[in-house]
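Okay, so here's the structure we're looking at.
The values are calculated or read from the model by the stated rules, or taken from the named source; none is laboratory data. Remember, predicted model here, so these are calculated numbers, not experimental data. In this analysis, Cβ positions are derived from the backbone assuming ideal geometry, glycine residues included, and neighbour counts consider all displayed protein chains.
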Amino acid sequence: MADLPLTGNLGSARASSREIFAGKRFSRWLDRRIPPKNRITLTQKNVFIFPTKTGFAFGVLIGLLILGAINYQASLVYGVAFLLGSLFLVTILYTFRNLAGLTLELSGTRPGFVDEDVEISIRITRPKGRAREGIQLGWPEGIMQWAELSELASDVVRLYVRAPARGYFNPGRLLVETYFPLGLLRAWTWVDLDVRALVYPKPIFGEYPRSVSGHRDEGQLIDPLGSDDFNDIKAYRPGDPIRNIIWRSYARSDELMVKEYASYVEPRLWLSLETVEGKLEEKVSRLTGLALKATREEREFGLDLGTTRISPSRGESHLEQVLKELALHGLR
Amino acid sequence: MASAEAVGNPGMTPAAGTAEEASGAIGIAHQIPRNTLALLMMAQVAVIAPYLQQLSVWIIAVGLFCGLWRTNVYLGRWDYPKRWLKAVLVVACLGGVAISGVGAFSLEAMASLLVSMFALKLIEMKSRRDAYVVIFLGYFAIAIQFLFEQQLLLAIYQLVAFTLVTAAMVSLNQLQATARSWPSLKLASLLVLQAVPLTLVMFMLFPRIAPLWTVPLPGSSVTGLSDVVKPGDIANLTQSDELAFRVVVDGQMPPPSHRYWRGLVFSDFEDGGWKARERRRARDYPMPRSTDLRYEVLLEPTMQTWLYALENSTSEHSNVYLTLDGRLESKDPIMSVFRYRAVQHQADRRGGQLSESERIRETSIDPDANPRLQALGKALLAEHGSPMAMTRAILMQIREQPFSYTLSPPLYPGRDSFDGFWFDGRAGFCEHYASAFVYMMRSAGIPARLVGGYLGGEVNQVSGYLMVRQYDAHAWAEFYDPQLGWFRVDPTAAVAPERVEQGLTAALSSSDLASLPLLSSARIGDWDLAGDVLRWMDSIEHRWNLWVVGYDSNVQYRFLSDLLGEVTAARIGVAVLIGGGIGLGLVAVVIFWGRRPANRHPVERAFRRFSNALAGYGYAKEPEESPAAFVRRVAGQVGLTEAQVGPIIAELDTLLYNPGVASGGRELRALRSQLRRLQFRLAFGAAR
């Protein structure tokens, strides 16, 4: 268990829970009992409950008090012990009730890069009635998040899980647990919300392939109204940008003149597996790095993976499309 | 280790974590929420306060000091105490307990340690695990307080303290941001309230068994008779109006002059005082008859084994036996209110022969002490012939000579103190008269002994039971007559007959009365309203003792016999199941069904059916979506036009927010059929 990543406050607890449910039989049993679904409502069929260490210590306390009551023949010490015992029993109902009836639903995912966190949003909804407090959600690999549904009937909890490899990532079963109201008992469940979070390759940043490095001279005019390079001076027409007006010449003559700019881009950048070195994974990583770099520098680029081609463009949505292709390359 | 951790609470995992844990949202799991601290500090004050009666002031001072320190840490003014300071405090507390004079293994020492631990833990409490330790110590301290006293008022107070401690525990498990103190307190009160029925079931049915081993007892704080009596001891008891015991009599309450509650028989004269040592069991038990007087005593804790009963009484209580000198004795010290039934045998005078060793013991005196009294005793016997006649002569002397009955007699020092009283001072309290009488009888060779106990008691007019208080303590004498057996003589009756007939206050002079405690009910007995209130309160306290504090194995057996017909394991098991089922069932009903939405609006119901049906086709309504927005969205997805769904949406909106829609009305039926048609169209659209 030492080599498991012990992240988060519940590291050891969750790592060992993971060990438990890594057991194939348990996993199969769990699959039968709580089958994977995007939306799961918790009932007595899929909620487990057991005393915590605090709960067992509480039991020892009750035992000590009963022993004292016997030896001192003190009725009210019995009374305190029984009140504590009853509190424990009542708490069983409360703890179970805190999870029962909750509906968990996969609300959305946001992609991330390998070795970084992907964001998975879970919508948690309570039925009408009593508020739900102190609910903790999380994957064994991630951090437990607290949720509380008192005034709200529904809330979205964002969870972050370290992504191990590119492609679609299913973090496995989600742990939902609660210690409410006294911390003496733990009610928990492992639900599989059938999460498919997209994981982009881990980027390796490098230089653009030499063959496509562009020069100004070879530039191609793509936007005569751009703002990069000075092009011409002409008479003002309504609609021309005011910042381009040459006010100095207006002071001299009564005529409005405007500077005309144009934008040039460097030649189209094609990202393809042949232009980078390394094995497949490394190539994919390098292309990912180049796509990110090009986007940061606002360069236009296209992707050519042989089987798929994305024509050159710019912007976030283009990048997402490219990254998705890179993430899934060779995995479908 | 691994599996144990798996079921562990975040609060119970070790606090020492990585830097990552110390910051951000993760920290929630380890840090103690601020309002938990506030609740814990309140709870601590509440739990320690009743200990003011039992513990030395310095322990309370340590508690206050720690509370002050912690409050300042809480407010961000001070830092946590340094390690050396904590060590100094711990050593100081241990040392303080050791040198404070209470026995190392006494209950007081235990309680002192518990309370100081409870206080000290507060200033070093950082993690949630520490908070749980403090909470558990709090529960423990609440219970230990009941070893000292178990009055109803204290019990009510402790229930409040219990709720405070529980509230601190609740707040540990609520989200920090929203956990204000009030919701925690509310929930804790609810939890405690809901636990009460189950507690009662357990309290009634849990088998009460005999102590497993002997335990340290509370120290000298209990007032009451002691098994060593010197002149002046009993007069001191009259300064206390504490309750000694209550008696419930079946049938007629005996008149005051018959209420001699025997507790101790002082057969041994040593060092100018009397000692009661006899603990041996009597050999034969008389059988009770139907004419005998039956009564039940609820004895307040004495930390002693002797019990109080009328003369010639026996008890069938399994823990009570009859001694050779005709007293009732408990097998274990009385640490909590003790209930025992007894029978006073009317016929049996308990005569029988005195053995030679008994005769020697009951006539032994110090031959050198009180020579004048010895001479008087011998002379009186020679003059009157029989012990009975001699007794009458002694009582006549008391009556005729200027003897006086007083709470504050002069001190009669030295070995010949009885002589000093009888011949010089002639002012004394009951034990003076009884001692002098016994001494004279013994000097004449007649077996006689001093008896200590209580005389009289006040009948509570509210409930008809008898309250016997410490100031009813009394001493009288018995002498042995071969025909009559042991015969009671109360020389006090000769000097102050009012004491026997009407109680202490009637017999005392006004200066003696003034020395009694101010608020004793003896003094305000004539102030009616206050007297009534006191009697009412005592009546309630009596019920409390009868059913709660005095509920032991014997009472339990009788109660269960009445309840179940016969006490068998199977029947108790069934009672546990039924009682527990009802107790938990009530709670389950409250928390699972108690807050179901009541009587939903009929249109809302109709719409809910509709939206549930659509959810089956994959169109789930978002929680924040209004009904209109939901229909519009689904219609749009399926391809229906606004013209097609507009009227239905308008109708839905109108009816939904109209509180006056009748559940069987025409409008509602129309809407329902419209919704059904829409559902079909949407479903058809979905299939396409």
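Pairs are defined by a Cβ separation below 7 Å, a sequence spacing of at least 6 or placement on different chains, a first member in region B:618-636 that is free of Cβ contacts under 8 Å to residues at least 24 places away in the same chain and away from every other protein chain (no Cβ under 13 Å), and a second member that is among the hydrophobic types (A, V, I, L, M, F, W, C) and not in a loop (DSSP other than H, G, I, E, B); the pairs so defined are B:Arg632/B:Val645; B:Arg632/B:Ile649. If you check B:Asn35 against the conditions, is it within 27 Å of A:Ala57 (Cα to Cα), modelled with pLDDT of 80 or more and within 14 Å of another protein chain (Cβ to nearest Cβ)? Taking the combined requirement at face value, the residue satisfies it. Of the residues in region A:174-185, at least one is more than 12 Å from chain B (Cβ to nearest Cβ) and either surrounded by 19 or more Cβ atoms within 10 Å (Cβ to Cβ) or not polar (S, T, N, Q) (or both). For the structure I just gave you, tell me whether A:Arg123 is assigned by TED's automatic domain parsing to the domain that holds A:Phe58, in contact (Cβ under 8 Å) with a residue 24 or more places away in the chain and touching a helix residue (DSSP H, G or I) at 6+ places or on another chain (Cβ under 8 Å). Judged against the criteria, A:Arg123 is not a match.
The single condition from (1) outside the structural domain of B:Tyr471 (by TED's automatic domain parsing); (2) on the phi > 0 side of the Ramachandran plot that B:Asp271 fails is (1).
For region B:528-554, the set of residues classified as closer than 21 Å to A:Ala69 by Cβ, surrounded by fewer than 19 Cβ atoms within 10 Å (Cβ to Cβ) and among the β-branched types (Val, Ile, Thr) consists of B:Val548 only. If you check B:Ala347, B:Ala342, B:Ala434, B:Ala369 for being in a loop (DSSP other than H, G, I, E, B) and under 45 Å from the mean Cα position of the chain (by Cα), only one passes: B:Ala347.
Among the residues of region A:150-172, how many are of a type outside the set (A, V, I, L, M, F, W, C) and away from chain B (no Cβ under 14 Å)? Let's see the steps before the verdict.
Pass one, region A:150-172, residues of a type outside the set (A, V, I, L, M, F, W, C): A:150-151, A:154-155, A:158, A:160, A:162, A:164, A:166-168, A:170-172.
Next cut, away from chain B (no Cβ under 14 Å) only: A:164, A:166-168, A:170-172.
The qualifying residues number 7.
Can we say B:Tyr480 is under 20 Å from B:Asp250 (Cβ atoms) and among the aromatic types (Phe, Trp, Tyr)? Spell out how you get there, then give the answer.
Numbers: under 20 Å from B:Asp250 (Cβ atoms): no; among the aromatic types (Phe, Trp, Tyr): yes.
No; evaluated as a whole, the condition is false for this residue.
Applying the criterion of being more than 7 Å from chain A (Cβ to nearest Cβ) and not hydrophobic (A, V, I, L, M, F, W, C) to the residues of region B:136-159, the residue that is nearest to A:Leu182 (Cα to Cα) is B:Gly138.
Scanning region B:290-338 for residues that are at pLDDT 90 or above, touching a helix residue (DSSP H, G or I) at 6+ places or on another chain (Cβ under 8 Å) and either of a type in the set (Gly, Ala, Ser) or within 24 Å of B:Ile144 (Cβ to Cβ) (or both) yields one hit, B:Leu298.
Scanning region B:111-135 for residues that are out of contact with any Gly (no Cβ under 9 Å at 6 or more places or on another chain) and at the interface with chain A (Cβ under 10 Å from one of its Cβ atoms) returns B:Val133, B:Ile135.
Considering A:Leu84, A:Leu89, which residue is of a type outside the set (Val, Ile, Thr), part of a helix (DSSP H, G or I) and surrounded by 23 or more Cβ atoms within 10 Å (Cβ to Cβ)?
Working: A:Leu89 fails: surrounded by 23 or more Cβ atoms within 10 Å (Cβ to Cβ).
One residue alone meets the criteria, A:Leu84.
Total residues in region B:186-214 satisfying the condition of being facing chain A (nearest Cβ under 7 Å), surrounded by fewer than 19 Cβ atoms within 10 Å (Cβ to Cβ) and in contact (Cβ under 8 Å) with a residue 60 or more places away in the chain: the figure is 2.
Screening the candidates B:Ser112, B:Ser116 for the property of being hydroxyl-bearing (Ser, Thr, Tyr), at pLDDT 80 or above and within 15 Å of B:Val134 (Cα to Cα) yields one hit, B:Ser116. Only residues that are of a type in the set (A, V, I, L, M, F, W, C) and within 24 Å of B:Ala434 (Cα to Cα) were counted across region B:332-391, and they come to 14.
Find the residue count for region B:481-493, including only residues that are surrounded by 22 or more Cβ atoms within 10 Å (Cβ to Cβ) and in contact with a helix residue (DSSP H, G or I) (Cβ under 8 Å, 6 or more places away or on another chain).
Counting residues in region B:481-493 that are surrounded by 22 or more Cβ atoms within 10 Å (Cβ to Cβ) and in contact with a helix residue (DSSP H, G or I) (Cβ under 8 Å, 6 or more places away or on another chain) gives 4.
Could you check, for region B:69-92, whether at least one of its residues is of a type in the set (Lys, Arg), touching a residue at least 24 places away in the same chain (Cβ under 8 Å) and within 18 Å of B:Val47 (Cβ to Cβ)? Looking for residues that are of a type in the set (Lys, Arg), touching a residue at least 24 places away in the same chain (Cβ under 8 Å) and within 18 Å of B:Val47 (Cβ to Cβ), one finds at least one in region B:69-92, hence yes. Could you please find all residues in region B:156-178 being crowded, with 20+ Cβ neighbours inside 10 Å and over 19 Å from B:Thr36 (Cα atoms)? Answer for region B:156-178, where residues must be crowded, with 20+ Cβ neighbours inside 10 Å and over 19 Å from B:Thr36 (Cα atoms): just B:Gln158.
Considering only region A:69-90, how many residues are at the interface with chain B (Cβ under 7 Å from one of its Cβ atoms) and more than 13 Å from B:Thr199 (Cα to Cα)? Final tally of qualifying residues: 5. When B:Val88, B:Val134, B:Val160 are checked against the criterion of being of a type in the set (Val, Ile, Thr), modelled with pLDDT of 90 or more and farther than 30 Å from A:Gln145 by Cα, a single residue qualifies: B:Val160. In the set (1) assigned to a strand (DSSP E or B); (2) in contact with a helix residue (DSSP H, G or I) (Cβ under 6 Å, 6 or more places away or on another chain); (3) among the aliphatic types (A, V, I, L, M), the condition left unmet by B:Val462 is number (1). Of all residues in region B:137-154, which are in contact (Cβ under 8 Å) with a residue 12 or more places away in the chain, part of a helix (DSSP H, G or I) and within 23 Å of B:Val196 (Cβ to Cβ)? Listed by number, the residues that qualify are B:Gly138, B:Tyr139, B:Phe140, B:Ala141, B:Ile142, B:Ile144, B:Gln145, B:Leu152, B:Leu154. With respect to being in contact with a strand residue (DSSP E or B) (Cβ under 8 Å, 6 or more places away or on another chain) and either in a helix (DSSP H, G or I) or surrounded by fewer than 20 Cβ atoms within 10 Å (Cβ to Cβ) (or both), B:Ser257 falls outside the description.
Pairs linking a residue in region B:120-136 that is at positive phi and aliphatic (A, V, I, L, M) to a residue that is buried (at least 23 other Cβ atoms within 10 Å of the Cβ) and assigned to a helix (DSSP H, G or I), with Cβ atoms under 7 Å and 6 or more positions apart or on different chains, do not occur.
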